[in-house]
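The numbers here are math on the coordinates, done by the rules we state, and not lab data. Nothing here was measured: the structure is a model prediction, and the numbers come from that model. Don't worry about glycine lacking a Cβ; one is built from the backbone with ideal geometry, like all the others, and counts go over all protein chains shown.
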Amino acid sequence: MVKSSVLGFPRIGANREVKKAVEAYWAGKLTAEELTKAAADVKKASWTAIKERGVDLIPSGDFTLYDHVLEHSLSFNVIPPRYQGHNLSDLDVFFAMGRGRQAAGVDVPASEMKKWFDSNYHFVVPEVSEETDFKLRRNHVLEQYNEAKALGIETRPVVLGPISYLVLSKAAKGAKAGFEPISALPKLLPVYTELLAQLKAAGAQSVQVDEPILVLDAAAARAAEYASTYAALVKVAPPIVIATYFGRLDSNLEFAAKLPVAGLHIDLDRAPEQLDATIAAVKSTSLVLSLGLVSGRNIWKTDLTAAATLAGKAVQALGSDRVIAATSSSLLHTPVTLASEKKLTSEQRDWFSFALEKCAEVATLASVLNGSQDAKVTAALEENKTSIAKRREFERTSDDAVRKRVAAITPEDLKRKNPFEIRRKAQEKLNLPKFPTTTIGSFPQTKEIRQARAKLTKGEITEAEYDEFIKKEIELVVRFQEKVGLDLLVHGEPERNDMVQYFGERFNGFVFTQNGWVQSYGSRYVRPPIIVSDVSRPGPVTVQWSSYAQSLTSKPMKGMLTGPVTILNWSFPRVDVSRKTQSQQLALALRDEVIDLEKAGIFAIQVDEPAIREGLPLRRVDWDDYLTWAVDSFRLSTAGVEDSTQTHSHFCYSDFNDIFPSIQRLDADVISIEASKSDMKLLSAFQQYGYSNSIGPGVYDIHSPRVPGDQEIKDRVAAMLELLSPDLLFINPDCGLKTRGWKETEASLENVVAAAKWARATY
Ligand code: GLN
Ligand code: ZN
């Protein structure tokens, strides 16, 4: 029999219960016991709901109050020394590693976070050295497995595999030069052995071991480790299904298919073309093939008939006992349920499936593949056919004006009038001092701001009242920046709920959910817009706010937009049109906005592209194509201005290795990048590449409430100046300040300004 499986589930709760509980705990308003209880309620609700949808293999062990990679680090005792010895509970050590801690004599910054493959989820990077004392400090997977079992729900535990865990780790500070975390594999293996043996003893029928790095080029060099590791683990573990996702195995298939495990999961949403080769590779083995048919990354209804046809190939070749119908990856990247969406039209609702609906899809698929004649299954399949047909029909309606404009884009549209050196002279009209200080755009989004927005949504205040409120906020932010002494000001983005959603709501072609939250990191969730048709801009979006802000001050004001690639990457994209086309449509809409800002007297304009790096394909052979259209889209959106207008861009988590030529090709006059947690490696790479435009590497981490010391920032600036030209350096925080409070913002920015003054006097 074909079984159905779900690789992981959102852990935020149907109504963001986890965020609320975790933040209340941080604020001292909830005890650890109450937090544990809130978490237990969410787990119970999820397991019960998945089971009700008829899923055979229900995940456990994937739940977390912050990050699943961090859960493993705590379980494995991979706890950097700076978080130890403070007499904290395990729970507080866990949160301290995730978000830093500054209280009662303890002052530790957060660990580095990185993007989880090409998604907008961030994981906490484990730090490993020769000194790491791996031991099974606790077994969070077992705890969750037993928790579900106690509720009468048999689950398939999920654990991140040892090789992926170490490849995703970084060398801890103090590790010997050249230390590679993967070299710790022999020391980590006994921990996995113990963890898996405990699962077996507890009665787990099988275990899902995630090895997502198998879709990366980097895994090719790990064939031997894979073979020996899994040969050892299968001896003690329940039957292991190795899960790969977000891409294709390619040449790694050869060794992956030979591993002595029970099953292999492949992502057919991202890479349906790998099915034939995978079937061929596993045919003569006893491996069960788990087929990722239902997208864990997008929200479109699965075409069940097409998916069943695809999966049918595997059933035919391997027999139904060797096939599992599954989600392509964990559903963590999708919202919990469509059931809470009351505002979508019935036509729109019918296009989508969120996590719970996807659970029903995998269950139906398995039944269909098993030849079920059950009336409910037949009805579900028929209903799905009708929905898919309606969506296809809708896709045939297009905005011809937009399509024509995209077709008419010329290479000239992508070019500024003159090279950077000439533009830089023209931009002296901005009157910025040496080492200009600036911020990335947003200022604290206070409770008052969120309340005002909620009131507007509920109709409790008028549009005009809301606008007045926003103006006051902008004024506050402007006065604050003047007081602190920043040079290039921003309006603070108080009018924006979210940097992508805000634009999506003002462009044609998007729809929005009310409750479609997806975890970005820790307790930060986003509500990605959905691109459903051709994108265009009905009218100016930000101009009124930026020009109001400029009218308040004689200092230059920086306009603030979200770039085309970021809007695309942080939305659920269409699947009927290429990402390139969607990005070009967005770029044209933004280009008009950039030109309108300039016309309104805004002569510094930042077009944020924090997601350009995360969108990079996982396989190197696919890079060029992506980088070409992604960089071109940014250029298309920014190149319409005069030399004297200074374009900025901003990136988070900027692992730019190997893509410096593309960063240069963006040709932004100034880029700001997150850099405070990545040592000086990133900057020396910029230096080595010979990056020629202005650059503002973040001088402190904004993801944590911790205030960076005055000397700390000066030291960082000094270190930067060893690598970068003093003429090109801007001084700014790592990222926007919207999640921060005012108090720490003020204290931190004062130190930033002091460091700039010191630098002007010193260099
Ligand atoms: N301008 C945005 C802000 O400051 C940039 C946010 C981001 O890079 N994620 O909030
Ligand atoms: Zn950022």
Return the tail of the calculated pair distribution for region 344-482, meaning the percent of Cα-Cα pairs more than 26 Å apart.
67
Along the charge dipole of the chain, pointing to its positive end and built from +1/-1 on Cβ of Lys, Arg, Asp and Glu, which listed residue (G559, I12, L166) has its Cα farthest out?
I12
Counting Lys and Arg as +1 and Asp and Glu as -1, each charge on the Cβ, what is the dipole of region 645-731 about the Cα centre in debye, to the nearest 20?
80
Taking all pairs of distinct alpha-carbon atoms in region 617-678, Kirkwood radius in angstrom:
12.9
Rg ratio (alpha-carbon, reference 2.2 N^0.38 Å) - region 506-608:
1.19
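How big is Rg to Rh over region 159-203, alpha-carbon atoms, Rh as the Kirkwood inverse-mean-distance radius?
Numbers: Rg = 12.9 Å, Rh = 11.7 Å.
Rounded to two decimals, Rg/Rh equals 1.10.
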Taking the Cα atoms of region 448-570 alone, what are Rg (to one decimal) and Dmax (as a whole number) in Å?
15.6, 45
Distance in Å, no decimals, from the C-alpha centre of region 577-644 to the one of region 33-89 is 38
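Quick one: compute the contact order of the chain, relative version, from alpha carbon pairs under 8 angstrom and 6+ residues apart, as a percent.
On the way: 1488 pairs, mean separation 95.5, N = 763.
Here the relative contact order equals 13 percent.
Please give the charge dipole size of the chain, origin at the Cα centre, charges +1 on K and R Cβ atoms and -1 on D and E Cβ atoms. Round to the nearest 20 debye. Spell out each step's value before the answer.
Details: 93 positive and 97 negative charges, 97 e Å.
Using Cβ point charges on Lys, Arg, Asp and Glu, the chain gives about 460 debye.
I'd like the trypsin sites (Lys or Arg not before Pro) in region 217-264 restricted to DSSP loop residues with at most 16 other Cβ atoms within 10 Å, sorted by number. Mind showing how you got there, number by number?
Details: sites: R222, K235, R248, K258; in loops: K235, R248, K258.
Of the trypsin sites (Lys or Arg not before Pro), the ones in loops of region 217-264 whose Cβ has at most 16 other Cβ atoms within 10 Å are K235, K258.
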From the P(r) of region 600-705, could you give the percentage of C-alpha pairs in the tail past 20 Å?
40
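Starting from the Cα gyration tensor of region 167-264, multiply each eigenvalue by 5, take the square root, and state the resulting semi-axes largest first in whole Å. Provide the component values of the computation, followed by the final result.
Numbers: eigenvalues 106, 72, 25 Å².
Semi-axes, largest first: 23, 19, 11 Å.
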Amide H proximity to H265 below 5 Å, modelled H, separation 5+ or other chain, gives I242, A243, T244, S290
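Going from the alpha-carbon gyration tensor of region 241-326, what semi-axes, largest first and in whole Å, does one get by taking the root of 5 times each eigenvalue? Present the calculation step by step, with values, prior to reporting the outcome.
Numbers: eigenvalues 78, 42, 22 Å².
Output for region 241-326: semi-axes of 20, 15, 10 Å.
Compute the orientation-averaged projected area for region 47-131 from the convex hull of its Cα atoms and round it to one decimal in nm². Mind showing how you got there, number by number?
Details: hull surface 31.1 nm².
The orientation-averaged projected area of the Cα hull of region 47-131 comes to 7.8 nm².
Could you compute Rg(Cα) / (2.2 N^0.38 Å) for region 266-391, with N its residue count? Before the final figure, lay out the partial values.
On the way: Rg = 14.9 Å, N = 126, 2.2 N^0.38 = 13.8 Å.
Working it through for region 266-391, the quotient is 1.07.
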Place +1 on the Cβ of every Lys and Arg and -1 on the Cβ of every Asp and Glu in the chain, take the dipole about the Cα centre, and give the residue among G709, P190, L590 whose Cα lies farthest towards its positive end.
P190
Counting pairwise Cα distances across region 628-763, what percent come out greater than 19 angstrom?
52
Treating the Cα atoms of region 532-572 as identical point scatterers in vacuum, please give the log10 of the normalised Debye intensity I(q)/I(0) at q = 0.20, 0.25, 0.28 Å⁻¹, two decimals.
-0.76, -0.93, -1.02
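Using the Cα centre as the reference, give the magnitude of the dipole from point charges on the C-beta atoms of region 587-720 (Lys, Arg: +1; Asp, Glu: -1; all else neutral), rounded to the nearest 20 debye.
Details: 12 positive and 23 negative charges, 73 e Å.
The calculation lands at about 360 debye.
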Given 4 °C, 1.567 mPa s and a Kirkwood radius over Cα pairs, the Stokes-Einstein diffusion coefficient of region 4-88 in µm²/s is 90
So for the chain, Kirkwood radius off the Cα pairs, Stokes-Einstein at 25 °C and 0.890 mPa s: how many µm² s⁻¹?
91
So what is the diffusion coefficient of region 408-489 in µm² per second by Stokes-Einstein at 4 °C and 1.567 mPa s, using a Kirkwood Rh over Cα pairs?
79
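Quick one, what does Rg over Rh come out to for region 468-527 if you take C-alpha atoms and the Kirkwood Rh?
Numbers: Rg = 15.1 Å, Rh = 13.8 Å.
For region 468-527, the value is 1.09.
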Over the Cα atoms of region 700-763 the radius of gyration and the largest Cα-Cα distance (Dmax), both in Å, equal 11.9, 33
In cubic angstrom per residue, the convex hull of region 8-152 built on its Cα atoms measures 133
When the scattering of region 184-341 is computed by the Debye formula from its Cα atoms alone, each counted once and equally, what is log10 I(q)/I(0) at q = 0.11, 0.13, 0.15 Å⁻¹?
-0.45, -0.63, -0.83
